[in-house]
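Asker: Below are the structure tokens for one structure; questions will follow.
Nothing in this text is a laboratory measurement; each read-out follows from the coordinates by a stated rule. On a predicted model such as this, the values are computed, not experimentally measured, just so you know. Ideal geometry is used to build each Cβ from the backbone, glycine not excepted, and the neighbour counts take in all protein chains shown.
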Amino acid sequence: MAKRLPFTILGVGHALPGRIMTNADFEKILDTSDEWITTRTGIRERRICAEDENTLTMALQASRAALTAAACQPEDLDLIILATCTPAYPIPATACFLQHQLGCRHIPAFDLSAACSGFIYAFSAAVGMMTVSPYKRVLIIGAETMSRVTDFQDRGTCILLGDGAGAAVLGPADDKVTGVYDLHLGADGGGAELITVPAGGSWLPTSTRTVDDRLHYLKMNGREVYKFAVTKMQEVIREAVQRARIKMDDLALVIPHQSNARIIESAVEKLGLPASKVAVNIDRYGNTSAASIPIALAEAVQDGRIHKGEWLLMAGFGGGLTWGTVLIRF
Ligand code: UT7
């Protein structure tokens, strides 16, 4: 078995906007159907932020829930890493607002951009920093307001995306079993153009033309991303299990990024995993990018689907192209 790093999840929390947008709502504004969306993606509804909600408000709510679950005070935290591709402001990091609003000490706080793999990247960065520094308690968050970069005239992307946040407090394991057993991250910048928000950065700054051309919205080559994701998902899960020298059967729960139910079903089938061991909530929330894994994690803990000492594998992939896995004994 792989070497154990003595860090664990002390508490998790999540936050979702109250407003629900169903497939029937899209039928009213687009040439689409509930039948097409459900059969191609598995999505039935998603949550959409109200005007006064955003990545920061949801991150704050999810973080407070995670801190309560971890029986941890904001002043106990040593570091905050917030994964998002829809920050509250371009400058400064949303994590800094969060640090202040939570009432933390002047601890380091930064945003991390790895699209849908963001929570896995944040988890890995936190574990790395806890290994080489005195940081004991780290708050990691995946929070996204995808609706603010969604082109509601583009039926190929808008039906997929949703808003939400999930958070986890990481800290020292209090026994010799629980801990982090494998971390793996990867990226292929050759596929960077497959998912982009083209305008609003330094390459193509905001102008009336970029707004008129709808370039501040997310563009995706769905078919190519699908091909990448369907292969990558099962590959990274298989490799994580092999590196840790455990059996697929040993896994109590797998939490995949929720981008398309068909991608998850294909991986489950190829890996021979029972569906009961795979967390799926895409039907209710759509693709919430970096928030999808921590939301599913928080729900799984709430529903008693994972217990202390059991093997939990989280697998993300998405824009970048990026991917990554975290294998822990919970
Ligand atoms: O989280 C980041 C990772 N992202 C993903 O993993 C997303 C991966 N991609 C996908 O999940 C799928 O590619 C989509 C769900 C986005 C699209 O499904 P698809 O089966 O690949 O459809 P397609 O893009 O090949 O389009 C098939 C047809 C097209 O019509 P024509 O050209 O064949 O006449 C589209 O225009 O479906 C049409 N179409 C729609 N029809 C009704 C595309 N979107 C819609 C829609 N309603 N919402």
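Asker: Out of A24, A240, A93, any idea which swings most in a Gaussian network model of the chain, alpha carbons joined below 10 Å?
Answerer: Ranking A24, A240, A93 by mean-square fluctuation puts A24 first.
Asker: Also, quick follow-up: Quick one: how many lysine pairs in the chain have C-alpha atoms under 28 angstrom apart, if they're 8 or more apart or on different chains?
Answerer: Step by step, the pairs that qualify in the chain add up to 26.
Asker: Another question, if that's okay. With both partners inside the chain, how many of the DSSP beta bridges are antiparallel, as a percent to the nearest 5?
Answerer: For the chain, the DSSP antiparallel bridge percentage is about 70.
Asker: Compare G142, G166, G272 in a GNM of the chain, Cα atoms joined below 10 Å, and give the one with the largest fluctuation.
Answerer: Result: G272 has the largest fluctuation of those listed.
Asker: Find how much the distance from S33 to E310 grows on full extension, using 0.36 nm per residue of separation minus their present alpha carbon separation; answer in nm with one decimal.
Answerer: Gain on extension, S33 to E310, equals 95.7 nm.
Asker: Quick one: dipole size for the range 198-330, taken about the Cα centre, charges +1 on Lys/Arg Cβ and -1 on Asp/Glu Cβ, in debye to the nearest 20.
Answerer: Working: 17 positive and 13 negative charges, 46 e Å.
Dipole about the Cα centre, nearest 20: 220 debye.
Asker: Can I ask one more? Using Cβ contacts closer than 10 Å as the measure, can you line up C96, C116, C104 from fewest to most? Intermediate results must be reported in sequence, preceding the final value.
Answerer: Details: C96 18, C116 31, C104 21.
Placing the least packed residue first, the sequence is C96, C104, C116.
Asker: For the chain, set up a Gaussian network in which alpha carbons nearer than 10 Å are linked by springs, and say which option among G304, G162, G42 fluctuates the most.
Answerer: Maximum fluctuation in the GNM of the chain, among the listed residues, is at G304.
Asker: Then there is this: Rank the residues H184, H307, H106, H257 as a footprinting-exposure proxy: fewest other Cβ atoms within 10 Å of their Cβ go first.
Answerer: H106, H307, H184, H257
Asker: If you rank R137, R284 by fewest surrounding Cβ atoms within 10 Å, what's the result?
Answerer: R284, R137
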